[in-house]
Amino acid sequence: MENEKETKTTTDSGYYNHITDDLDALLSVLPEDIRDALQRIGRRDDLLEVILDLGRVPTARFTDGEVVLRDTEVTWEEIQHVVDRVGEFDADNRAGIARTLHRIAAIRNRRGDIVGLTCRVGRAVYGTIAIIQDIVESGKSILLVGRPGVGKTTMLREAARVLAEKKRVIIVDTSNEIGGDGDIPHPAVGRARRMQVEMPSLQHEVMIEAVENHNPEVIIIDEIGRELEAMAARTIAERGVQLIATAHGNTLDNLLLNPTLSDLVGGIESVTLSDEEARRRGTQKTILERRAPPTFDVLIEIQDRQRLLIHHNVAEAVDSLLRGRPIRAELRYRDENGEIHSEWVTPLSIEEREAGRAERAGRPPSRPEPVAMESVGIDVTTPVRIFPYGIARNRLTRAARHMQVPVYLVDDLGEAEVMITTKGFYRKRPNLVVDAERRGLPIYVLRSNTVAQMEACLRDLFDLDTAASDPLRQALQEAREAIRQVQAGVPEVELSPQNAYIRRRQHEMARAANLSSYSVGKGANRRVRIYREE
């Protein structure tokens, strides 16, 4: 197309992104003075949306914020000017421009008249799935989640193009965001075939029709958001077709708590345990369990455009979440030079993750430190696998956090290194206690089921009376002293070099004291600086 703009993002390792935005096609439907204002601003590559609301000033949203395009308000004639120059609005109040990926969404009043428009720039970015291409080509079903605007649909479009070179790919394109508006799909989807959906409420029927009529090996779906669509996805997966889809939600735990979409990851049901099983697990008699095998094999959380958290085994991850066990996931990210890195991490809870995101947002941009993740397998204080029998797991977890010691609570006696129980249960000599003694497993007996008793047990278990020689305790004590100095008025304190696990703990201490921190240095010389943000 004549108005098509193509750019390439380069790195030291070569080209990895090829971007097509067709931006002039979107600008051509806007009122002339708004188009001129955008051209004066420039920054084409950073433009995300143009917002036109009746009776308000027009604004443009860029990657770093909004800009007012003029001082006068948008008129009815200007909104109608845009509406007359784009495609027909569907039942989901979305329209487009033929042969482009731009999306124009309408806001209507009670009479059905359009009183607002959101004109979103659609870009085809070739090369976005290089970071997960091995997973996409593995044949496993993949679910992509992430906040709006993070690039889920862009990655979905690129996956369709890459897979269509070798397989039969069908795109179920409900809002024409994947293949663009009009009857001819955008070149960005390659050889993939596209099925449009007459109404959003009929998406599940088109999903089933695609399988029954067109013999696909792969089906691509954007925005699974209704229960019928989740059921259709399960039906497709059970027929042996690879599914690649997006869903509303930011993380796996968000999706699990969504009653409409939880079936995509297996669903949740309430189960009542026997007294013996409840004691063995150290839980209440009524617990939550995964109801069925997940529809998707792999779940990918898109944290930002160059940073992905991958759950390779959704069933195992959901089971761990429901039982309160730590989850292992793979973090992949692309650095400033375009190189892809991978590490295994343990995601924190939703609350800790949000706190970490807020801290990163306020940290100097040139010195980032991902405090929302904890590296797995680092031997600082050796983690102990504890089998809790007849004691409150949540209290034991709270005691371990307070004592700052790493423990794993296991449900299988064969995996345990230590059993902790109470005097009342130990005296009854249940089978599990007898079995632990036969195995030679150390058994710690508490007088009562209290946090204080558990902390005393952990102090003995980790030999914390000799903590002066413990690198972790020394590092945490150094962080406490630094926090006191900063609170007393010292601008910034730099700590000794530590590994990733200890640095994460030091960042958490700074955050708890309402201070800021970041990491500097490389390799064995990487260390934490703590400061008070003005």
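Can you tell me which residue is farthest from residue 138 (Cα to Cα) among those in the range 227-263 that are among the acidic types (Asp, Glu) and over 12 Å from the mean Cα position of the chain (by Cα)?
Step one: list which residues in the range 227-263 are among the acidic types (Asp, Glu), which gives 227, 229, 238, 253, 263.
Retained after the next criterion (residues that are over 12 Å from the mean Cα position of the chain (by Cα)): 227, 229, 238, 263.
On the way: 227: 27, 229: 24, 238: 17, 263: 23 Å.
Selected residue: 227.
From the set of residues in the range 515-524 that are surrounded by fewer than 16 Cβ atoms within 10 Å (Cβ to Cβ) and modelled with pLDDT of 85 or more, which is nearest to residue 480 (Cα to Cα)? Talk me through it step by step, then tell me what you get.
So in the range 515-524, the residues surrounded by fewer than 16 Cβ atoms within 10 Å (Cβ to Cβ) come out as 520-524.
From what is left, the residues that are modelled with pLDDT of 85 or more are 520-521.
Values: 520: 19, 521: 21 Å.
The selected residue is 520.
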(request) Answer yes if at least one residue in the range 431-438 is more than 21 Å from residue 325 (Cα to Cα), basic (Lys, Arg), surrounded by fewer than 17 Cβ atoms within 10 Å (Cβ to Cβ) and under 36 Å from the mean Cα position of the chain (by Cα), and no otherwise. (result) no
(request) For the range 161-239, please list each of the strands (runs of 3 or more DSSP E) lying entirely inside it that holds at least 2 residues being assigned by TED's automatic domain parsing to the domain that holds residue 137 and touching a Gly at 6+ places or on another chain (Cβ under 7 Å). (result) 169-173
(message) Going residue by residue through the range 403-411, is there one that turns out to be out of contact with any Phe, Trp or Tyr (no Cβ under 6 Å at 6 or more places or on another chain) and surrounded by fewer than 14 Cβ atoms within 10 Å (Cβ to Cβ)?
(response) no
(request) Specify the residue that is nearest to residue 407 (Cα to Cα); the eligible residues are those in the range 477-526 that are touching a strand residue (DSSP E or B) at 6+ places or on another chain (Cβ under 7 Å) and assigned to a loop (DSSP other than H, G, I, E, B). (result) 498
(message) Suppose we filter the range 47-90 for residues that are without any contact (Cβ under 8 Å) to a residue 40 or more places away in the chain, surrounded by 14 or more Cβ atoms within 10 Å (Cβ to Cβ) and part of a helix (DSSP H, G or I); how many remain?
(response) 2
(request) Give the range 142-158 a look and list any residue that's part of a loop (DSSP other than H, G, I, E, B), touching a residue at least 40 places away in the same chain (Cβ under 8 Å) and surrounded by fewer than 23 Cβ atoms within 10 Å (Cβ to Cβ), or say none. (result) 147, 149, 150, 151
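Residues in the range 301-317 that are among the polar types (S, T, N, Q) and modelled with pLDDT under 90: how many?
We begin by selecting, within the range 301-317, every residue among the polar types (S, T, N, Q); these are 303, 306, 313.
Keeping just the survivors that are modelled with pLDDT under 90 gives 303, 306.
Going through the range 301-317 one residue at a time, the tally reaches 2.
Name the single residue that is modelled with the highest pLDDT among those in the range 370-402 being within 16 Å of residue 506 (Cα to Cα) and out of contact with any Lys or Arg (no Cβ under 7 Å at 6 or more places or on another chain).
Going residue by residue through the range 370-402, those that are within 16 Å of residue 506 (Cα to Cα) are 370-375, 378, 380-381, 401-402.
Now restrict to residues that are out of contact with any Lys or Arg (no Cβ under 7 Å at 6 or more places or on another chain): 370, 373, 375, 378, 380-381, 401-402.
Details: 370: 27, 373: 27, 375: 31, 378: 29, 380: 37, 381: 48, 401: 81, 402: 78.
Residue satisfying both the conditions and the ranking: 401.
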(request) Go through 436, 452, 358 for me and flag whichever is at pLDDT below 75, of a type in the set (Gly, Ala, Ser) and not assigned by TED's automatic domain parsing to the domain that holds residue 147. (result) 358
(request) For the range 163-190, enumerate the residues that are under 24 Å from residue 232 (Cβ atoms) and touching a helix residue (DSSP H, G or I) at 6+ places or on another chain (Cβ under 6 Å). (result) 169, 170, 171, 172, 174, 177, 178, 179, 189
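Return yes or no: is residue 525 assigned by TED's automatic domain parsing to the domain that holds residue 397, polar (S, T, N, Q) and out of contact with any Lys or Arg (no Cβ under 7 Å at 6 or more places or on another chain)?
no
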(message) If I ask for residues that are within 20 Å of residue 346 (Cα to Cα) and of a type in the set (S, T, N, Q), which ones from the range 476-530 would you list?
(response) 498, 499, 506, 519
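The values are calculated or read from the model by the stated rules, or taken from the named source; none is laboratory data. Keep in mind that what you see is a predicted model, and the values were worked out from it rather than measured. Please note: Cβ atoms are built from the backbone with ideal geometry, for glycine as well, and neighbour counts cover all protein chains shown.
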